[in-house]
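Please treat every number below as a calculation from the coordinates, not as lab data. It should be emphasised that the depicted structure is a prediction, and the values quoted were computed from it without experimental measurement. Note: ideal-geometry Cβ built from the backbone for every residue, glycine included; neighbour counts use all protein chains shown.
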Amino acid sequence: ILNVEQSPQSLHVQEGDSTNFTCSFPSSNFYALHWYRWETAKSPEALFVMTLNGDEKKKGRISATLNTKEGYSYLYIKGSQPEDSATYLCAFNKGTGANNLFFGTGTRLTVIP
Amino acid sequence: DVKVTQSSRYLVKRTGEKVFLECVQDMDHENMFWYRQDPGLGLRLIYFSYDVKMKEKGDIPEGYSVSREKKERFSLILESASTNQTSMYLCASSFLLGAGNTIYFGEGSWLTVV
């Protein structure tokens, strides 16, 4: 099983603060990188899929960048709101097929009003 | 919107019982998956299916089997539940299996084996 690391494991921020967290993955055999948001008692929801080095994606106040050469992706949240509280998962595709998708353990974000 | 429904959200079963976890998707997706989520570990793939009656083992298939008799339904079966199968189980589906294709998840089934 391949190692996909997310840091930090958890963080608390004040409402209005901006924050970011990291997903690290092997730089070889890169096919795609996924970000999901997983709110408590709900299903994980897809945020972004990135496939090219240098990709940047944005959805409202959330954005993500990708560096496949060094094997990392950053997720940024600008002006955090309490509804942003969730676990953010990344998943790394090292090839096609379900057996080639590897998930990190997630970053648990709590936004304090 | 894609809907993946796991019929049982919380179950408590006894060791040795046969357990069925059911999952239904409403978007005519070819591919369906069962994952397991444990503290400190990323989602781990148990089994997946790319067509009716077809199945492939994932990373941790031991102690599990699956059934896909209809395209929309994918069942996970614990033939004889054990305490180390206490976990949260996530069902998912996708249209394609290629890298970069979005996977849609259910809300999870929390299973406790006592």
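Using bins 5 angstrom wide from zero, how does P(r) for the protein assembly as shown break down, in % of all Cα pairs?
1, 7, 14, 19, 19, 16, 12, 7, 3, 1, 0
According to the square roots a ≥ b ≥ c of the eigenvalues of the Cα gyration tensor, what is the shape class of chain B, taking rounded for a/c under 1.5, prolate for a/b larger than b/c otherwise, and oblate for the remainder? Numbers along the way, then the final one.
On the way: a/c = 1.68, a/b = 1.59, b/c = 1.06.
Prolate.
Per residue of B:36-42, what is the mean number of Cβ atoms on other protein chains within 10 angstrom of that residue's Cβ? Don't skip to the answer; put the middle values down first.
On the way: counts 0, 6, 1, 1, 2, 4, 15.
Counting Cβ atoms of other protein chains within 10 Å of each residue's Cβ and averaging gives 4.
In segment A:81-113, which residues have a backbone nitrogen under 12 Å from the label point lying 7 Å from A:GLU5's Cα in the Cα-to-Cβ direction?
none
Please work out the Kirkwood hydrodynamic radius for segment A:74-113, using every pair of different C-alpha atoms, and report it in angstroms with one decimal place. Spell out each step's value before the answer.
Details: mean 1/r = 0.0839 Å⁻¹.
Computed over segment A:74-113, the radius equals 11.9 Å.
Placing unit charges on C-beta atoms (Lys and Arg positive, Asp and Glu negative, everything else neutral), compute the dipole magnitude of the protein assembly as shown about its Cα centre in debye, rounded to 20. If you can, show how the numbers build up before the last one.
Working: 24 positive and 25 negative charges, 46 e Å.
Taking the Cα centre of the protein assembly as shown as origin, the dipole is about 220 debye.
Dividing the convex hull volume of the alpha carbon atoms of segment B:73-114 by its residue count, what do you get in Å³ per residue? Write down the numbers at each step before the final one.
Values: hull volume 4.0 nm³, N = 42.
Here the figure is 96 Å³ per residue.
Once Rh is set to the Kirkwood radius over Cα pairs, what Stokes-Einstein translational diffusion coefficient, in µm²/s, holds for chain A at a temperature of 37 °C and a viscosity of 0.692 mPa s? Don't jump to the answer; show the numbers that get you there.
Numbers: Rh = 14.0 Å.
In µm²/s, the coefficient rounds to 234.
Which residue fluctuates most in the GNM of chain B (Cα springs below 10 Å): B:ARG68, B:ARG44, B:ARG14?
Between B:ARG68, B:ARG44, B:ARG14, it is B:ARG14 that shows the largest mean-square fluctuation.
Of the GluC sites (Glu not before Pro) in segment A:20-105, which ones lie in a loop per DSSP and count no more than 12 other C-beta atoms within 10 Å?
Sparse-neighbourhood loop GluC sites (Glu not before Pro): A:GLU70.
Placing unit charges on C-beta atoms (Lys and Arg positive, Asp and Glu negative, everything else neutral), compute the dipole magnitude of chain B about its Cα centre in debye, rounded to 20.
Here the size comes out at about 280 debye.
Most mobile of B:GLY58, B:GLY42, B:GLY100 per a Gaussian network model of chain B (Cα springs, under 10 Å)?
Comparing B:GLY58, B:GLY42, B:GLY100 in a Gaussian network model of chain B, the most mobile one is B:GLY100.
For A:TYR72, which sequence-distant residues (separation of 5 or more, or a different chain) have an amide H within less than 5 Å of its own amide H, given hydrogens modelled in the peptide plane?
Residues meeting the criterion, in which the H sits 1.01 Å from N, are A:PHE25, A:ASN67.
Calculated FRET efficiency, A:ASN99 and A:GLU15, Cβ-Cβ r, R0 45 Å, to nearest 0.05?
Working: r = 41 Å, r/R0 = 0.91.
Once the sixth-power term is evaluated, E becomes 0.65.
State log₁₀ I(q)/I(0) for segment B:17-63 at q = 0.17, 0.30, 0.33 Å⁻¹ as given by the Debye formula over alpha-carbon point scatterers of equal weight, solvent excluded.
-0.59, -1.21, -1.24
Label 7 Å along Cα→Cβ of A:ARG61; segment A:10-41 residues with amide nitrogen under 11 Å?
Zone members listed by number: A:14-19.
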